[in-house]
Structures are given as structure tokens and as C-alpha cells.
1. Could you give every pair whose Cβ atoms fall below 7 Å, whose first residue belongs to the range 174-194 and is among the polar types (S, T, N, Q), and whose second residue is away from the ligand (no atom under 11 Å from the Cβ), counting only separations of at least 6 or pairs across chains?
2. Taking the range 55-78, which residues are out of contact with any helix residue (DSSP H, G or I) (no Cβ under 6 Å at 6 or more places or on another chain) and over 16 Å from residue 158 (Cβ atoms)?
3. When you look at residue 263, is it among the small types (Gly, Ala, Ser), crowded, with 24+ Cβ neighbours inside 10 Å and within 24 Å of residue 58 (Cα to Cα), yes or no?
4. Scan the range 290-312 and give yes if some residue there is more than 21 Å from residue 158 (Cα to Cα) and not basic (Lys, Arg), otherwise no.
5. On the basis of being at negative phi and either among the basic types (Lys, Arg) or outside any helix (DSSP H, G or I) (or both), does residue 223 make the cut?
6. Give just the number: which of (1) modelled with pLDDT under 95; (2) assigned to a loop (DSSP other than H, G, I, E, B); (3) over 28 Å from residue 257 (Cβ atoms) does residue 22 not satisfy?
7. Can you go through 49, 8, 3 and tell me which one is closer than 30 Å to residue 197 by Cβ, more than 14 Å from the ligand (Cβ to nearest atom), among the hydrophobic types (A, V, I, L, M, F, W, C) and in a loop (DSSP other than H, G, I, E, B)?
Amino acid sequence: EDALSPLAEPEDRDVEATLRPKRLSEFVGQARVREQLELVLEGAMRRGAPPDHVLLSGPPGLGKTSLSMIIAAELGSAIRITSGPALERAGDLAAMLSNLVEGDVLFIDEIHRIARPAEEMLYLAMEDFRVDVVVGKGPGATSIPLDIAPFTLVGATTRSGVLTGPLRDRFGFTAHMEFYEPHELEQVLARSATILGVDLRPDGAVEIARRSRGTPRIANRLLRRVRDYAEVRANGAVTVDVARAALEVYDVDELGLDRLDRAVLNALVKSFGGGPVGISTLAVAVGEESTTVEEVCEPYLVRAGMLARTPRGRVATATAWAHLGLQAPSDAPG
Ligand code: ADP
């Protein structure tokens, strides 16, 4: 049970569908990305052609899937959804591509995890709207070129840095999603409270937003936990006192750090004297994959001013020492 995990839990799925913003105008925050995307979509619609392929990059729970659906909705197009890990065999991708209708949006989540043969098929599909279907095996195999309908690929990745150059180059537009500011999360919460019929008071929203790790998915999840508490132990209104008491029960950190964030900081400070230490060593110390530490955990710790990246490795800041209730050494960065 980790109320602060930015990854989607099974319990999130149904409610997330009802809470997802449906249009760009409902999408809170990410002002820069919204403006850029508006121009990309409007320009394409005026030309009457599908827009360039779009890459959405950023940590989990920040709205990449929602944005892909919004792109389709704004274009008035249908969306097909798949993910990198699901496209293990190029044949699966070929089937999807050849079923596309002109103007469709194809969303590939976790596109950095796509298998190599499928990735290579994607190059030609993105560039020339063609697929080469291989028929037969061994020396007798032939490849048949097949035209597919012009479409827009929307790829989502937690790490654009690990995409191969040829794949990255085929996206006409890359949107970098940032963690949300507390006041933006307050807007997300107010909107969700209206949809769910929760009596969320402004001071309650401030408290939840501050402890949501900059992530709308977490804000929405904490709202549901706090709502339960408000209904069972109070009169239903989510005030600051109710929010605090509820978040205490769920062991939610004052600053919104989750269990893994805290484990990483603890290891960094207690086992490695505050660093510098390499990411893979740190990952082993907390028993996690180093990609998870790097893609899910580190971005928020850096953003929260707890961890600094240096050429020699990761270092805990004075803020991190203080958050763990410890005295920082004099050379800890500020
Ligand atoms: P990702 O694909 O980046 O992991 P999602 O698009 O699945 O993130 O977003 C998770 C949930 O957070 C959505 O169901 C939605 O309710 C909420 N959400 C994300 N971004 C926003 C936003 N900008 N405005 C309002 N709600 C949002």
C-alpha cells in the first residue's frame, strides 16, 4: 500500500477514466506544452493534413495518456492505444498499422521499451506511411511493401534520453512535461472534487496539493483517501484538519515523498555519507532497478531540491539531511 506511488494502481483505472480531462481547455497546467500543442494541431487542421508525430516525455502520472486522448479529441479522430512492451513482435505492430484509418491517432505508451524489429518497422511507417510485410521464412522470405493510411503517432516515454536517434528524429514535436506546481494541483483537485461530489474546502486542497509529489495522479488518489476519512470520521467536509489527519493515517510524507524516494534518501545519507554515489549502486542499496530509481524517483528528488547530480555521482542536499532529521555535513550542497 503506497498512496504516493506515481504509477497507476489497478484501483486507479476506472476512476481515472472519469477524471481525465477531455479537451485541451480542461487540461490544467503545462501552459507551455498546451500552447505549443495548440499551434501544432491548429496548423495541421488548417492544412487538412494529420499533424506531425508527437513525443510526450516526462515522469509517470503527469498526463501523457490524457494528452494523447485529447490530441485525438481535438482532431476529431479515433485513437488506437498500445504500448512498447506489448509490441514484442513486429507482426503485432504491422496489424495495427494496416488497420489505421486516415487521420487516426496511434498512441504508443512506454515507446522506449519497443522491441527492435517493431521499432524499425515504425521508421518507415512514420516517414512514408508504409510497412514492409515479410512473408515466409529463411532464404525464401520476401517483403511486400504495403501503403498505410496517413496517421499521427503519439509516443509517450518516461525517458526521452534512451530513445534511439532515428526514432527520436521522426517526431516533429516533443513536449516535455514538468511536475505540477501546488497551485496547479489545487485546480486539478477542485475539478476532481466537483466530478466526484466531494466537499473539498480550499485549505484542504492546499494541504493535499502540497503533498502530492507534483503529480496529478497522486493528487487524485489522495483526494479519494481523504474523502473516505472525511465521510467516516468527520462530517464529509475535506478541511485542512481532516486532510492532515487522513494523510497521517496513510503515512503520507509532509513533502509528498513516497516510500522509494525516502529509501533512496536514507541510503544515500546513512549508507554513503551523503554521496557522491553512482545511480546503480544506489539502486542496489534500495533493492530497485536502476531505471526505476532514475526515471521515477530521481526527477522528483531533484525537483524537490533533495538530491543533486554531480559528475562524480548523486549527492544529498542539506535539505535532504534536514528532512530526515539529521545534521548535514558542512560540505553538503544547499
Ligand atoms: P501518464 O500517462 O503521464 O502516466 P495520465 O494521463 O494517465 O498520466 O494521468 C493520470 C491521471 O491524472 C489522469 O487520469 C487524470 O485524471 C489526471 N491528470 C493528469 N494530468 C492532468 C491535468 N493536466 N489536468 C487534470 N487532470 C490530470
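1. 174/55; 174/160
2. 69, 71, 72, 73, 75, 76, 77, 78
3. No.
4. Within the range 290-312, one or more residues are more than 21 Å from residue 158 (Cα to Cα) and not basic (Lys, Arg).
5. Considered against the rule, which asks whether it is at negative phi and either among the basic types (Lys, Arg) or outside any helix (DSSP H, G or I) (or both), residue 223 comes out as no.
6. Unmet condition: (1).
7. That would be 3, the only listed residue that is closer than 30 Å to residue 197 by Cβ, more than 14 Å from the ligand (Cβ to nearest atom), among the hydrophobic types (A, V, I, L, M, F, W, C) and in a loop (DSSP other than H, G, I, E, B).
Conditions tested, residue by residue: (1) of a type outside the set (D, E, K, R); (2) within 30 Å of residue 222 (Cβ to Cβ); (3) touching a strand residue (DSSP E or B) at 6+ places or on another chain (Cβ under 6 Å).
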residue: 42; (1), (2), (3): no, no, no
residue: 63; (1), (2), (3): yes, yes, no
residue: 108; (1), (2), (3): yes, yes, yes
residue: 118; (1), (2), (3): yes, no, no
residue: 123; (1), (2), (3): yes, no, no
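The values are calculated or read from the model by the stated rules, or taken from the named source; none is laboratory data. Just so it is clear, the model here is predicted, and its values are computed rather than measured. A quick note on method: Cβ atoms are made from the backbone with ideal geometry, for glycine too, and the neighbour counts reach across all protein chains shown.
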